[in-house]
Amino acid sequence: MSSWLNYSRVIYIFSNLLVLPATFIPLIDLISNISFFIAFILFLNENVLVSLVLCVVLLVKNNSNYRFNLLLIHKGEEVSKTDYQCVYLYAWCTLLRYFLIGLAVNRIFLFLE
């Protein structure tokens, strides 16, 4: 039982560390949406399948963000800061944002070479 608690705490701490940079970046959701359009346009010429994957990632990110906002309203501002479900869902949204931004930056560097 204690190993499960330790594992759960490690995942909770890792999730909090994952979202820490995103809390300091203003408008990270807007940045990730702009990154999606840049990556989509640059991938469209070379690989249509990756462009479709980007569309799916954008849909999942927006759906997760919507569910997080609903959960935030339901749980309240103070309770959501320590709630496991809220932290995990926000970490998932942030991971998808990082993925979109990373792909766009990668494509821009390859495009400029």
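Take the Kirkwood radius over Cα pairs of the range 1-107, plug it into Stokes-Einstein at 10 °C and 1.306 mPa s, and you get 106 µm²/s for translational diffusion.
Per-residue ellipticity at 222 nm, computed for the chain from helices alone with -39500 (n - 2.57) per DSSP H run of at least four residues, works out to -31000 deg cm²/dmol. If R0 is 22 Å, the Cβ-Cβ spacing of N45 and N106 corresponds to a FRET efficiency of close to 0.90. Of the complete DSSP H runs in the chain, those spanning 18 angstrom or more by Cα along the long axis with a mean Kyte-Doolittle score not below 1.0 are 28-44, 48-75, 84-112. For the range 10-51, what class follows from the C-alpha gyration tensor (a ≥ b ≥ c being the square roots of its eigenvalues): rounded when a/c is under 1.5, otherwise prolate if a/b is larger than b/c, else oblate? Since a/c reaches 1.5 but b/c is at least a/b, the shape of the range 10-51 is classed as oblate.
Taken together, the values in this text are just the output of simple stated rules run on the coordinates, not laboratory data. Treat the numbers as computed from the prediction; the structure is a model and nothing was measured. Here the Cβ is made from the backbone with ideal geometry for all residues, glycine too, and neighbour counts use every protein chain on show.
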